[in-house]
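Enquirer: Sending over a structure as structure tokens; questions will come in a sec.
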Amino acid sequence: TSLLSSLDQALDAAEGGRSCAVLLLGAPGMGKSAVLDAVRLEGLRRGWCVVMAAAPEDSSAAAFALVQDLVHDLLARSGHLGDGDQEALASLVEPSRWQVHPVSTALRELLTDTAAECPLLALVDDLHWADDESLSALTLAAARVGGERVAVVASAWPALGDDPRLLGWTHLHLP
């Protein structure tokens, strides 16, 4: 289909060093998770490092819940971070120290460190449920990845497509 072809083109671009962020939009039950799974399988077929995270439905009560999920997968693949980035990520367990910019910088470093080994595909399901801090940190990190071999593909309900933090992302709509 045209949707899968567009996703393939995004992966091709990232493989060539032009990072991308794609927002897959569709109503509940339209098959967004199935499309993410197809993209996951394509990433694995290409030999990419693939990490996955899902925003918990009740994440409004837990700041950085989505970032914590993503970081867990990334740290399993990339064993090193600078001291400042380690401190920023360590702050995720101390609510009084949460700050979006240091966390987004550490997340960006994790993305680029992992992509140095092999192209990185970061999949995020149910972005519409993400807490505000995670959404801000993820969009900042994705915007600052630059010329790395990183593709971030997230699924969400259509209303999230209007969020100004996601304006720089490619929006693909499920038919």
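The values are calculated or read from the model by the stated rules, or taken from the named source; none is laboratory data. Computed from a prediction, not measured in an experiment: that's the story for all the values here. A quick note on method: Cβ atoms are made from the backbone with ideal geometry, for glycine too, and the neighbour counts reach across all protein chains shown. What goes into the accessible areas is simple: the full protein's heavy atoms, side chains included, and nothing from ligands, DNA or RNA. Shrake-Rupley method; radii C 1.70, N 1.55, O 1.52, S 1.80 Å.
Enquirer: Before we move on, is Glu117 charged (D, E, K, R) and within 12 Å of Val67 (Cα to Cα)?
Expert: no
Enquirer: Continuing with the same structure: If you scan region 37-51, which residues turn out to be open to solvent by 10 Å² or more (accessible area, probe 1.4 Å) and over 16 Å from Asp73 (Cα atoms)?
Expert: Correct list: Asp37, Ala38, Leu41, Glu42, Arg45, Arg46, Gly47.
Enquirer: Provide a single number: the residues in region 155-175 that are β-branched (Val, Ile, Thr) and in contact with a His (Cβ under 7 Å, 6 or more places away or on another chain).
Expert: 0
Enquirer: Let me ask something else about it. If I filter region 134-175 down to residues being of a type outside the set (A, V, I, L, M, F, W, C) and open to solvent by less than 30 Å² (accessible area, probe 1.4 Å), which single residue comes out as nearest to the chain's Cα centre (by Cα)?
Expert: Out of the qualifying residues, it is Thr139.
Enquirer: Right, something else. Are there any pairs, at least 6 apart or on different chains, whose C-beta atoms fall under 7 Å, with the first in region 146-169 and among the hydroxyl-bearing types (Ser, Thr, Tyr) and the second surrounded by 24 or more Cβ atoms within 10 Å (Cβ to Cβ), and if so, which?
Expert: Correct list of pairs: Ser155/Leu24; Ser155/Leu127.
Yes/no matrix, rows are residues, columns are (1) in contact (Cβ under 8 Å) with a residue 60 or more places away in the chain; (2) touching a Ser or Thr at 6+ places or on another chain (Cβ under 7 Å); (3) hydroxyl-bearing (Ser, Thr, Tyr); (4) open to solvent by 20 Å² or more (accessible area, probe 1.4 Å):
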{"position": "Asp12", "(1), (2), (3), (4)": "no, no, no, yes"}
{"position": "Ser19", "(1), (2), (3), (4)": "yes, no, yes, yes"}
{"position": "Leu24", "(1), (2), (3), (4)": "yes, yes, no, no"}
{"position": "Ala53", "(1), (2), (3), (4)": "yes, no, no, no"}
{"position": "Pro56", "(1), (2), (3), (4)": "yes, no, no, yes"}
